[in-house]
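Rule-based calculations on the coordinates, nothing more; no lab input. Worth saying up front: this structure is predicted, and the values here are computed from it rather than measured. Cβ: placed from backbone, ideal geometry, glycine included. Neighbour counts: every protein chain shown.
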């Protein structure tokens with residue numbers, strides 16, 4: 001039996017030509033430069049809308065807001081204001097610059113909620129791979145807020161979605177990406193503080209986890225361990241495992257070589273994965289789910 005939450009919208013309900021796209025919007029400070037993001041805003045409604053911060057992957061060292069353009073396009077057509085962020089990469093600044101930029105992005109939506117038509121109490125965050133790691137880190141109790149701007153507002157989020165994301169970084173098992181992120185002199189405590197599973201998750205918000213069962217880059221156990229910890233704590237958590245699929249499986253194409261945007265017509269799983277994300281946030285960012 002399938003269940004569709006009554007507040008959920010089909011992804012295609014709002015026509016694409018009715019979505020306002022604003023690229024490279026300045027949303028705060030990323031160290032000594034501007035922090036920017038791309039906004040995808042549905043047509044105005046009488047009620048304030050829920051919003052989602054969307055974070056790209058790329059091992060924390062590559063990628064930009066355009067990498068998750070398809071998520072912004074499709075989720076905005078489902079009724080969410082979407083902010084796709086270009087956070088600082090590890091080649092520019094080491095940890096915790098990345099999560100500081102993410103938290104600033106959440107605060108920006110709250111500070112500008114009236115002009116954007118956003119309900120400041122209904123903001124979620126999602127991402128894939130390294131972006132999913134940052135999404136999970138945005139929801140743990142930490143002191144990584146930074147000073148990027150809008151400090152009068154909280155960076156707390158209402159719900160989190162993460163796709164094939166690292167949840168525990170270990171120094172003894174570090175790879176090139178995590179070494180770039182934390183630096184060659186990082187110790188065990190630095191790795192723990194960058195690992196969402198190492199935090200107190202007693203009050204962790206509703207969480208959506210998506211992973212391919214045969215992921216060679218980020219093992220499925222990274223996600224299942226996080227799921228089990230949240231489950232044991234009685235938190236609201238959903239886990240979707242795609243059998244036989246590897247890393248970034250949602251970007252596979254039926255006709256093209258390499259990865260494609262999730263909104264590309266040839267994407268095998270793009271609309272399926274975004275549909276799961278849309279249903280999850282429709283449920284947990286609904287007015288009826290205010291906590």
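Structural remarks
- For segment 268-281, a tally of residues being touching a strand residue (DSSP E or B) at 6+ places or on another chain (Cβ under 8 Å) and within 19 Å of residue 53 (Cβ to Cβ) returns 5.
- Among the residues listed as 234, 258, 217, 244, the single one being surrounded by fewer than 17 Cβ atoms within 10 Å (Cβ to Cβ), at positive phi and in contact (Cβ under 8 Å) with a residue 12 or more places away in the chain: 244
- Residue in segment 172-182 that is in contact (Cβ under 8 Å) with a residue 60 or more places away in the chain, part of a loop (DSSP other than H, G, I, E, B), at negative phi and over 16 Å from the mean Cα position of the chain (by Cα) present: no
- Any hit, segment 151-171, residues being part of a helix (DSSP H, G or I) and farther than 25 Å from residue 65 by Cβ: yes
- Reported count of residues in segment 241-267, each being out of contact with any strand residue (DSSP E or B) (no Cβ under 7 Å at 6 or more places or on another chain) and more than 19 Å from residue 74 (Cα to Cα), is 7.
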